[in-house]
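Trainee: Below: one structure in structure tokens.
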Amino acid sequence: MNAFHFLKTCTALAAASVLLVACGGGNDDDPTPSNEPGVLTVTSATVDGLNGVYGNGTLNLTGVDKENPIGSVPELCAFRFDGANKVGSSATAFGDIRYRPDATGLHQVFLTFDGKEYASGEPTDTAVVRESDQVRFSGKTLTATDGSNATLRVTGIVPMRPNRPLGC
């Protein structure tokens, strides 16, 4: 193989690698349909139109992954969900839920309602109920991540897939 063909082959391989990384490396981490119902009720929202019931059927879920990042972040179990459609509206909710192995409450939660993300880094008003494959919210106050200080309260259940790593 001459230098030109070698360079051409390397360039093609590099381009393919960039595309794989940019597209998630071929690993589909998007939530997929489950047979598990979930429902979230939003109350006391400071943004008009967000109060209501989200989840009129089963939710889409990712599997629960155990992550042990380098640095000061603790080992975490994490999963995502979507498909929580607001009853009587076109609004939807989705989220990213994180908890420590063997913990009974959440470490972090990021929930998006009708395009606006809300979060909390406190375990209060949450429960990780492994024997029921659920995460439960009991009037959990979340604050918008966009700096607007908008808040809302969430009550409800998000299911988890049952085949979780040890401790999750």
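Trainee: Starting from the coordinates of the alpha-carbon atoms of the stretch 84-168, obtain the Kirkwood hydrodynamic radius over all distinct pairs and give the value in Å to one decimal. Don't skip to the answer; put the middle values down first.
Mentor: Values: mean 1/r = 0.0743 Å⁻¹.
Evaluated over the stretch 84-168, this radius sits at 13.5 Å.
Trainee: How many percent of the accessible area of the stretch 69-148 is carbon or sulfur, using a 1.4 Å probe?
Mentor: 46 percent
Trainee: In what sequence, highest mean first, do 131-137, 68-74 appear when ranked by Cβ atoms within 10 angstrom?
Mentor: Final packing ranking: 131-137, 68-74.
Trainee: Okay, moving on. According to a simple spin-label model (label point 7 Å from Cα along Cα-to-Cβ), what is the distance in nm between THR145 and ASN35?
Mentor: Reported label-point gap for ASN35 and THR145 is 3.3 nm.
Trainee: Based on the Kirkwood radius over alpha-carbon pairs, what is the Stokes-Einstein translational diffusion coefficient of the stretch 97-141 at 20 °C with 1.002 mPa s viscosity, in µm²/s?
Mentor: Taking Rh from Cα pairs, D becomes 196 µm²/s.
Trainee: Would you calculate the separation in nanometres between label points at ASN51 and SER132, each defined as 7 Å from the Cα along the Cα-to-beta-carbon direction?
Mentor: Simple spin-label model gives 2.6 nm for this pair.
Trainee: Take SER89 and GLU67, extend 7 Å from each Cα along the Cα→Cβ direction, and tell me the distance between the two endpoints in nm.
Mentor: The answer from the label model is 2.8 nm.
Trainee: On to the next question. Using all alpha carbons of the stretch 27-168, what is the percent of pairwise distances in each 10 Å bin, ordered from the shortest bin to the longest?
Mentor: Per 10 Å bin, starting at 0, the Cα pair percentages come out as 12, 45, 34, 8, 0.
The values are calculated or read from the model by the stated rules, or taken from the named source; none is laboratory data. The structure presented is a predicted model; accordingly, all values stated were derived computationally and were not measured. FYI the Cβ positions are ideal-geometry reconstructions off the backbone, even for glycines, and counts take in every protein chain you see. Keep in mind that these areas ignore ligands, DNA and RNA; they rest on the heavy atoms of the full protein, side chains included. Shrake-Rupley method; radii C 1.70, N 1.55, O 1.52, S 1.80 Å.
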